[in-house]
1. State whether the residues of region 25-37 include one that is out of contact with any strand residue (DSSP E or B) (no Cβ under 8 Å at 6 or more places or on another chain), at pLDDT 90 or above and not in a helix (DSSP H, G or I).
2. So, residue 48, is that one modelled with pLDDT under 90 and surrounded by 10 or more Cβ atoms within 10 Å (Cβ to Cβ) or not?
């Protein structure tokens, strides 16, 4: 059997689920919520702390995006 992963716009989820329920051959599985591990939370906290203590050491996204686009 072939499996498909599908991304559905939020405003179409109910419709899409109902459609799949009405297809006798389709099996609908909702993914479990994926949370952050404590290790990942610690990494994010450290990065946020680093930024708060030294914001000038980080690059501005909009400015860097413009620089990238200039090089294309």
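1. Within region 25-37, the first condition is being out of contact with any strand residue (DSSP E or B) (no Cβ under 8 Å at 6 or more places or on another chain), and the residues that meet it are 25-37.
Subset that is at pLDDT 90 or above: none.
For region 25-37, residues out of contact with any strand residue (DSSP E or B) (no Cβ under 8 Å at 6 or more places or on another chain), at pLDDT 90 or above and not in a helix (DSSP H, G or I): absent.
2. Numbers: modelled with pLDDT under 90: no; surrounded by 10 or more Cβ atoms within 10 Å (Cβ to Cβ): yes.
So residue 48 does not fit the description; no.
The values are calculated or read from the model by the stated rules, or taken from the named source; none is laboratory data. Here the structure is a predicted model, which is why all the values come from computation and not from measurement. Note that each Cβ is placed from the backbone with ideal geometry, even for glycine, and that neighbours are counted across all protein chains shown.
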